[in-house]
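Each remark here refers to the structure printed beneath this line.
What follows draws every value from the coordinates through simple rules; no lab data is involved. The model shown is predicted, which means the values in this text are computed figures rather than measured ones. Virtual Cβ from ideal backbone geometry, glycine too; neighbours counted across all protein chains shown.
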Amino acid sequence: MDGLRAELLSKSETDDGSHADFYAAALQTVDAALDYADRYCEFAKTNAPKTLYRALCRVPHEPPESFYEACVFLQFIIFTLRCNRNTHLGLGRFDQYMLPFWRSDLKKGLPEETLFETLEEFFISLNFDTDIYQGMQLGDNGQSLMLGGYDLDGQDRYNELSEAVMNASLELRLIDPKINLRVCSKTPAERFILATRMTKQGLGFPQYSNDDVVIPGLIRLGYAPEDAADYTVAACWEFSIPGKGAEIVNIDQMVFPKVVRRELFDHLEACDSFDELLEYVKLGVAFDAGEIVGKRSGHHYPASPYLSVFIEGCVQSGKDVSEYGAKYNNFGAHGVGIANAADSLAAVREVIYERREYPKKTLLQALAANFEGYGELRNRLLSCPKMGSDDDRTDGIARILLETWANALNGKPNGAGGIFRAGTGSAHEYYYSARNVGATPDGRKSGEMYGSGFSPSLTGKPTGPLSCIRSFTKYDMTRLVNGGPLSMELHDSVFRDEEGIEKVAQLVMAFIRLGGHQLQLNSVNRDVLLDAREHPEAHRDLIVRVWGWSGYFVELDKQYQEHIIRRTEFQV
Amino acid sequence: MTAALIFSFEEFALHDGPGMRVTVFLKGCPLRCEWCHNPEGQRFENEIIKSQAGCENCGACLKAGGGRLNEKSVRACPNRLLRMSGESYTPEHLLERLRGVLPILNDAGGGVTFSGGEPLAHPDFLYECLALLEGRTHRAVQTSGYCEEEPFRHVLDQTDFFLYDLKLLDPALHKRYTGADNTPILRNFRILCDSGKPFITRIPLIPGVTDTEQNLTDIARFLCDNGVKNAELLPYNRLAGSKYASVGRRYAPGFDETVISQARTDIFRSFGVEPKVLWGDHVD
């Protein structure tokens, strides 16, 4: 950071004065960080192990010279950024930028076990003082890291440090750091097997990202190919380029079921054919996407000179991230509740238009009455094919909605030097944005939660994991690389022997081959979850995946516990 | 065209043959094993299944059915908690249902397994399904072996792999606990051995019924006599009774469920048969 400081000084001296504020602020924050580091070092002299003290005598002023020093340095940066309120930043491609230190230590003769211990200690330290929302959503802190990945020429960047990280996470069973794994159709089976052992732990990671889809998708959005190949996840699942982006990846959301319901009430009675109705829904999706563009354009990343010094381009140009000094300044938006929306339209097509079993008016009355007194109609709607059952016709509606969403948002200028990008995630919107949306024709009652991210609805029980991955891989996912995973819950007994682990690994490989963009598997046991809700004291250490993050089940708010219990669990 | 009732599809079945499989459960079984954990697969006639969880006791089902549960009740439940246990499929319809997942199964070294109920109780339907799948995927049949000789030979020709149950060697005990004579089962087993087709023998370990020293010795000897080198032992599943209420029946086995299954693997080894105990509570 001394070097960084010198660069800032020299830049400010040669600057024509138009960026004086930025350089002054940046220097002030860097000086404050270094001052803090010095006090820390002083304290460590008498209160910490010698190794830590020695490391602090060097970093963050000087570049680290060992893996240990690099870990201390990284920890310092994470914590000072957090002091600066930059919370959901993620750890990026840890196995790439830390690899030189790992290798040079080995070359110097340091035993691998010592390095592995350092790695584990670093991971343990990530589990302290990370409570961002004070008492709720503990675990939603953005401490995700990405492993592996393929270069543009197809070279596999998974290495011995990636493997060590996997093994450390397997051994520690802690919620941080959350592991993401970049894979593609060429990834060897053994890696999926090791990753499945991690899924078996029940922590809800790794989360898989498919390079075959994500890299071309990012290039289509205008990212430079070499940057696209360097992608990581921001914090949960949103793809971003480390050190080059000040992107607001979840600036807003498209709530598909809300659009469907609105268009039904406005146009169902006037539409003589389903296709006519579908046109209105497409217009509705495009309209809401336009609203997002209108409402969010020109939005600023909060001014943050300290963050800016770590983002390529800001120091060079003298512009803060809030002045769009970064190379990428794009905005991403979630696409929430796609399964509920597609299921709803599929049911309307079958029951109202094709079989004409109920008058349009009756359907609207039933929805307005939250199905009170319309039990038979709700039963009929629930019986229609749902997304997750490999039904081409229902999935075909999902395809149209997703294409419309992507076309309406992707590439639209955001007034911040970047563009908008469409995704399939939901974060907590499966709960928040569902609260005020009335009953929908998939049989969902008023206020009931949607499926999480890019997943089946809670009412549409999929026929099985194979049909489910088929249902969620029929789309051009390169158009939806703001991200948002398919989540599937597998009963923990699936993982009980080697054979089961191999087969789960094959399931993941099938998803990747079919062109899915992101997948997240959970090993769960419904009975254990129910018991944990009743007797939290007996399940303090039970960890579950919530959305883009994992947390302790007993510390979650009630609605998130409920959602996890109600998600589909495939039993074997 | 033949058709049969299918009461369940299990995608991603892990224990029904090699690789990743889809298991198709045909409805109807000539046996009535006291420990059966698939009561909805026993009857050949369709019946109503009711999920208990989520029921608000609104009474809509009984009202629609005129005081009983019938097909009208299935359509009346506002939460759709009732369903017919079986859905009728023709072989072509079944192939359509499976077509999408076959490439996934084949890539993962798996295939399709027919189970039940008793799949051989629908020999024509089963044969046609197997013939339709020939060359498309790996085909397995999980069976009690209870059927006539001719249809068995017929199906054997169109099957790549068998999972064959042996329960009790003593004819009287077999009759008592399964309701059926074991003569055709043992005859078909010999036919299977002679055919050279790959198969695995499965022996349920029912406490005090099939896991006795006498029975397991008889089975081990029988396997040995037929040149069989390995077998899978299945400890009793204490959740066996969990689905009876949903089909309006009571689970009342004539043995003590709380006793732990005995695997007695030494007996098998002494006859040159390598036993593999599958997952479940047991003692050796």
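Evaluate the charge dipole of region A:238-484 about its Cα centre and quote only its size in Debye, nearest 20, assuming +1 on the Cβ of each Lys and Arg and -1 on the Cβ of each Asp and Glu.
With Lys and Arg at +1 and Asp and Glu at -1, about 240 debye.
Taking neighbour counts of Cβ atoms within 10 Å as a proxy for exposure, in what order, fewest first, do B:R176, A:R470 appear?
With the fewest neighbours first, B:R176, A:R470 line up as B:R176, A:R470.
As I understand it, the dipole of the protein assembly as shown uses +1 on the Cβ of Lys and Arg and -1 on the Cβ of Asp and Glu, about the Cα centre. Which of B:S8, A:C57, A:N522 lies farthest toward its positive end?
Highest projection toward the positive end goes to B:S8.
Between B:M84 and B:E34, what FRET efficiency comes out of the Förster formula 1/(1 + (r/R0)^6) with R0 = 30 Å and r the beta carbon distance, rounded to 0.05?
0.70
Whole percent per 5 Å bin, from 0 to the bin with the longest distance: what is P(r) over all C-alpha pairs of region B:169-230?
Bins of 5 Å from zero give 4, 16, 26, 28, 16, 8, 1 percent of pairs.
Which aspartates and glutamates does B:K243 reach when only Cα atoms under 15 Å apart count, and residues fewer than 8 places away in its own chain are ignored?
B:E34, B:E40, B:E47
What's the exposure ranking of A:W549, B:W279, A:W237, going from fewest to most Cβ atoms within 10 Å?
By the 10 Å Cβ count, ascending: B:W279, A:W549, A:W237.
Counting only other chains, and only Cβ atoms inside 10 Å, what mean value do you get across the residues of B:221-233?
Per residue, the average neighbour count from other chains is 0.
Rounded to whole Hz and in sequence order, give me ³J(HN,Hα) for region A:554-560 from the Karplus expression 6.51 cos²θ - 1.76 cosθ + 1.60, θ = phi - 60°, writing x for Gly and Pro.
Along region A:554-560, the couplings run 6, 9, 7, 5, 3, 5, 6 Hz.
Distance check, please: which entries in A:K244/A:K386; A:K11/A:K107; B:K27/B:K197; A:K445/A:K503; A:K282/A:K319; A:K45/A:K319 exceed 32 angstrom between their Cα atoms?
From A:K244/A:K386; A:K11/A:K107; B:K27/B:K197; A:K445/A:K503; A:K282/A:K319; A:K45/A:K319, over 32 Å: A:K244/A:K386; A:K11/A:K107; A:K445/A:K503; A:K282/A:K319; A:K45/A:K319.
Expressed in nm to one decimal, what extension gain is obtained for the pair B:E274 and B:L62 from 0.36 nm per residue of sequence separation less their Cα-Cα distance?
Value of the extension gain: 71.0 nm.
Across peptide A:457-464, how many C-beta atoms of other chains are within 10 Å of each residue C-beta, on average?
Counting other chains' Cβ atoms within 10 Å and averaging over A:457-464 gives 2.
Give me Rg/Rg_expected for the protein assembly as shown, where Rg uses Cα atoms only and Rg_expected = 2.2 N^0.38 Å with N residues.
1.06
May I ask you to evaluate 6.51 cos²θ - 1.76 cosθ + 1.60, the Karplus curve with θ = phi - 60°, for each residue of region A:113-119 and list the ³J(HN,Hα) values in order in whole Hz, giving x for glycine and proline?
Per-residue couplings from phi come out as 4, 5, 5, 4, 5, 4, 4 Hz.
What's the Kirkwood radius of region A:238-484 in Å, using all Cα pairs?
Answer for region A:238-484: a Kirkwood hydrodynamic radius of 18.8 Å.
FRET efficiency for B:A252 and A:R435, Cβ-Cβ distance as r, R0 = 60 Å, nearest 0.05?
0.80
If you take every residue apart from A:V554 with its C-beta less than 14 Å away from the C-beta of A:V554, what net charge results, scoring Lys and Arg +1 and Asp and Glu -1?
So the environment of A:V554 carries a net charge of -4.
For labels at B:F44 and B:N106 in the simple 7 Å Cα→Cβ model, what's the distance in nm?
Spacing of the two 7 Å Cα→Cβ label points: 3.5 nm.
Hey, what angle do you get for helix A:20-47 against the long axis of chain A, alpha-carbon based, 0 to 90 degrees rounded to 10?
Roughly 70 degrees, rounded to the nearest 10.
Going by how many other beta carbons lie within 10 Å of each one, how would you line up A:K558, A:K45, fewest first?
Least crowded to most crowded, the residues run A:K558, A:K45.
Which residues' amide hydrogens lie under 5 Å from the amide hydrogen of B:G116, considering only partners 5 or more residues apart or on another chain, with H built in the peptide plane?
The list, which skips near neighbours in sequence, is B:L26.
Could you derive backbone 3J(HN,Hα) for region B:137-144 from the dihedral phi with the Karplus parameters 6.51, -1.76 and 1.60 (θ = phi - 60°), listing whole Hz in sequence and x where the residue is Gly or Pro?
In residue order, the calculated couplings are 6, 7, 10, 10, 10, 9, 9, 7 Hz.
Please compute the average number of Cβ atoms from other chains found within 10 Å of each residue's Cβ in peptide B:10-19.
Averaged over the peptide's residues, the number is 6.
Check cross-link reach from A:K360 to the aspartates and glutamates: straight Cα distance under 20 Å, and skip same-chain residues fewer than eight apart.
Of all the aspartates and glutamates, those that pass the test against A:K360 - Cα under 20 Å, at least 8 places apart if same chain - are A:E263, A:D266, A:E269, A:D272, A:D275, A:E276, A:E279, A:D343, A:E350, A:E372, A:E376, A:D442.
Grab the Cα-Cα distance for A:D266 and A:S297, subtract it from 0.36 nm times how many residues apart they are, and report the gain in nm with one decimal.
Between A:D266 and A:S297, full extension yields an extra 8.3 nm.
To the nearest 20 debye, what is the magnitude of the charge dipole of the protein assembly as shown about its Cα centre, counting +1 on the Cβ of each Lys and Arg and -1 on the Cβ of each Asp and Glu?
Charge dipole, the protein assembly as shown, about its Cα centre: 2000 debye, nearest 20.
What FRET efficiency do you get for A:D497 and A:N127 if R0 is 30 Å and r is their Cβ-Cβ distance, rounded to the nearest 0.05?
Rounded to the nearest 0.05, the efficiency is 0.50.
Just order B:196-204, A:104-112, B:147-155, A:503-511 by mean Cβ neighbour count inside 10 Å, highest at the front, would you?
Per-residue mean Cβ counts within 10 Å order the peptides as A:503-511, B:196-204, B:147-155, A:104-112.
So who's got an amide H within less than 5 Å of the one on A:L147, skipping anything under 5 residues away but keeping other chains? H placed 1.01 Å off N, in plane.
Amide H neighbours of A:L147: A:N180, A:L181, A:R182.
Farthest toward the dipole's positive end in the protein assembly as shown, which of B:I185, A:N250, A:G423, given Cβ charges of +1 (Lys, Arg) and -1 (Asp, Glu) about the Cα centre?
B:I185
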